[in-house]
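Below is one structure, written out as structure tokens; the observations come after it.
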Amino acid sequence: MPSRRQLVVAGCLIFIPFLIWQLVDLNEQYSLSVASFKLWPSTKCSALLAAEGDDTHVVPQKRHRVAVASTFGFHFDVYMSLVWTLERVMGRSPSGGVVEVYAPAEFGFEFQTIVDTLGLYHGENRHSDELIQAINSNMGDGGIDLVVLGTCEFDLRGGPWPEELLAAWDARDAEHKFQLVCIVHNVRDASWQRWITQWSQRNAIRILPISEHVAAAFRRSFLINADSPNATIRLAGYEHIPVDVHVPVLDIPVAVDLDHGPSRILSDAVIQGTFYTDRRDYLEIFAELKESLARDPKVWGYLPLGTEDDASYAVDTTLPDPPFRLFLIGSGWLEIPQELKNMVLIRAGLSYPEFYKLMSEMDICVPAFSVDHGYYDDQASSTFAMAVECNVPILVTERIRNTYTYVDDDRAVVTRPAAMREIEAIRTLRSRDTSYFLHRTGVAMDSPTARVAADMLRHGWVRSPEESRAFKEQIWRANDRVVERILRDL
Ligand SMILES: *[C@@H]1O[C@H](CO)[C@@H](O)[C@H](O)[C@H]1NC(C)=O
């Protein structure tokens, strides 16, 4: 017979998790109105796990040897960020574990310097050619039990991996199957997706996008497949494929000696990404800048040269404030209009260390997405993660906040009314005055648009290093929860 005391203890043990669950539930409800504490949707289960801490008796860690692999010459910052989270989570788990990286011969753009400086990975770099051999060399206890592919759109598009990975999986006995994790970026990039059927039939795949809206797009597409008229696809179990989000934000050392006072003037903006004019509104931005400069060069800190053979504007050195500069950081080629040649500066082909350094000197990041590009629906732009890790606030609309839900937080973004275009918003932030915009557009002073514009100004664009840090820590905690789920096969 259990003693009275044992009964009380057992009762408490049952009641405490219930209490924690209620608290988590409450927090989720309140988070709807408290933007700064909001995590992205699928975190409820993971928050639960967090509350359980390291209690591996509840759901034991199932995966202990992880191979993170890619044959793609890009996206190291994405998958090595996951490696960093994996090392951290397994490092403090009582049942431990190891990560092994199988990558192209060496990381391009000096990313190895970042790996070493930030301590993202402490194992040895193996070549991606060795992956299959490594998986097959131990098909029993202690073998690789989780395989993460860095860019499934590329890694499973062709080459030997799609077939060899399936064969390796089939060769294992039931007790020693591995799980496949696909990092993905774009739901529309579908040429590899036929392989999902086979992995789903084996109940052995999970999807790991870098942003919640891409996760949502994959979930929608899986539900459609689950309903397919084709019985093979319908019976593959698509609706049960787990989809999580790991946001690739690194702990970039950011100079904290910048002036974070209220009198700092907005001078350096950045549009980051490959110079494709169909993805980003470079041309429209140039046109608007030209127009605004012509109307009021002083606000931007410039003087018209006005000579016949040089239509450009020069920095007005009589003004006390630094002039506005727009940096285009990325790769490719773009023609800068003559008028803007002193204001718009291209920085192409930077190494990662150069990139992070320049990026973290920026005042604000301008997404400049083309309105109809997939960045809102199917595809994740890495600009947000890049800005967040470099402590650069991002100029967004409500639409972007609803899409990239992990930046739906005033510590990371500056929210403009959609009616106010990006260049107008920057002009407003720079001049600290909304009246020009209202006047020019005829928007009423007491309209909701004017209110959002006034809020934008009131909140300003400067975020303290402490705010940015706290925001990133929230992302890292959510990433930890996701990796814990993956290691537990939840
Ligand atoms: C059903 O889907 C499977 C798997 O994609 C494919 O091989 C097969 O040809 C499809 N069947 C029909 C009738 O379209």
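The values are calculated or read from the model by the stated rules, or taken from the named source; none is laboratory data. Keep in mind that what you see is a predicted model, and the values were worked out from it rather than measured. Neighbour counts run over all protein chains shown; Cβ positions are idealised from the backbone, glycine included. Note: areas computed on protein heavy atoms with side chains; ligands, DNA, RNA excluded. Shrake-Rupley method; radii C 1.70, N 1.55, O 1.52, S 1.80 Å.
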Quiz item: What accessible area per residue comes out for segment 146-269, rounded to a whole number of Å², with a 1.4 Å probe?
Solution: 41 Å²
Practice problem: Just the Kirkwood number for segment 413-490, please: inverse of mean 1/r across all distinct Cα pairs, in Å, one decimal. | Solution: 14.9 Å
Practice problem: Please express the shape of segment 268-463 as an equivalent ellipsoid: the semi-axes are the square roots of 5 times the eigenvalues of the C-alpha gyration tensor, given largest first in whole angstrom. | Solution: 24, 23, 16
Quiz prompt | C-alpha long axis of helix 4-31 to longest principal axis of the chain, angle in ° | solution = 30 degrees
Self-check item: Dipole-positive endmost among I271, L305, P253 within segment 214-373 (Cβ charges, Cα centre)
Solution: P253
Quiz prompt | Relative frequency of Cα-Cα separations exceeding 38 Å in the chain, percent | solution = 33 percent
Quiz item: Which ³J(HN,Hα) values, rounded to whole Hz and listed in residue order, are derived for segment 157-169 from phi using the Karplus coefficients 6.51, -1.76 and 1.60 in 6.51 cos²θ - 1.76 cosθ + 1.60 with θ = phi - 60°, glycine and proline given as x?
Solution: 6, x, x, x, 4, x, 6, 5, 5, 5, 4, 5, 5
Quiz item: Taking the Cα centre of segment 60-171 as origin and charging only Cβ (+1 Lys, Arg; -1 Asp, Glu), how large is the dipole, in debye to the nearest 20?
Solution: 480 debye
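Determine, for each peptide in 161-172, 391-402, the mean count of other beta carbons within 10 angstrom over its residues, then list the peptides with the highest first. Mind dumping the intermediate values first?
Values: 161-172: 16.5, 391-402: 20.3.
Going from most to least packed, we get 391-402, 161-172.
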Quiz item: Which value, in Å² and to the nearest 10, is the accessible area of K62 when all protein chains are kept and the probe is 1.4 Å?
Solution: 120 Å²
Quiz prompt | Signed unit charges on C-beta, dipole axis of the chain, positive-most listed residue L120, L328, Q61 | solution = Q61
Self-check item: Amide H contacts under 5 Å for E100, placed H, 5+ residues apart
Solution: V66, A67, V68
Self-check item: Estimated 222 nm signal from helices in the chain, with DSSP H stretches of n ≥ 4 weighted -39500 (n - 2.57), rounded to 500
Solution: -12500 deg cm²/dmol
Practice problem: Hey, can you grab everything whose amide H is under 5 Å from the amide H of V344? Only 5+ residues off in sequence or another chain; H modelled, so Pro and N-termini drop out. | Solution: L326
Quiz item: Relative contact order, percent, of segment 268-463 when contacts are C-alpha pairs under 8 Å separated by at least 6 residues?
Solution: 21 percent
Quiz item: Within a Cβ distance under 13 Å of E288, other residues only, what is the Lys/Arg minus Asp/Glu net charge?
Solution: -2
Quiz item: Could you state the number of Å between the C-alpha centres of segment 430-484 and segment 122-190?
Solution: 42 Å
Quiz prompt | Relative contact order of the chain, defined on C-alpha pairs under 8 angstrom at six or more residues apart (%) | solution = 16 percent
Practice problem: State the percent of C-alpha pairs, over all pairs in segment 332-387, separated by a distance greater than 12 angstrom. | Solution: 76 percent
Self-check item: Folded to 0 to 90 degrees: helix 212-226 orientation relative to the chain principal axis, Cα
Solution: 50 degrees
Quiz item: Dividing the alpha-carbon radius of gyration of segment 259-327 by 2.2 N^0.38 Å (N being the number of residues), what value is obtained?
Solution: 1.28
Quiz item: Based on DSSP, what percent of beta bridges with both residues in the chain are antiparallel, to the nearest 5?
Solution: 15 percent
Quiz item: Where does segment 163-304 land on Rg(C-alpha)/(2.2 N^0.38 Å)?
Solution: 1.66
Quiz prompt | For the chain, size of Cβ-based charge dipole, Lys and Arg +1, Asp and Glu -1, in debye | solution = 1360 debye
Quiz prompt | Amide H partners (placed H, <5 Å) of Y302, local residues excluded | solution = D316
Practice problem: Tabulate in residue order the Karplus-calculated ³J(HN,Hα) for segment 137-154, using 6.51 cos²θ - 1.76 cosθ + 1.60 with θ = phi - 60°, rounded to whole Hz; enter x for Gly and Pro. | Solution: 6, 9, 9, x, 4, x, x, 5, 10, 8, 10, 9, 9, x, 8, 4, 4, 9
Quiz item: If you add up the charges near G273, with Lys and Arg at +1 and Asp and Glu at -1, over every other residue whose beta carbon is less than 10 angstrom from its beta carbon, what do you get?
Solution: +2
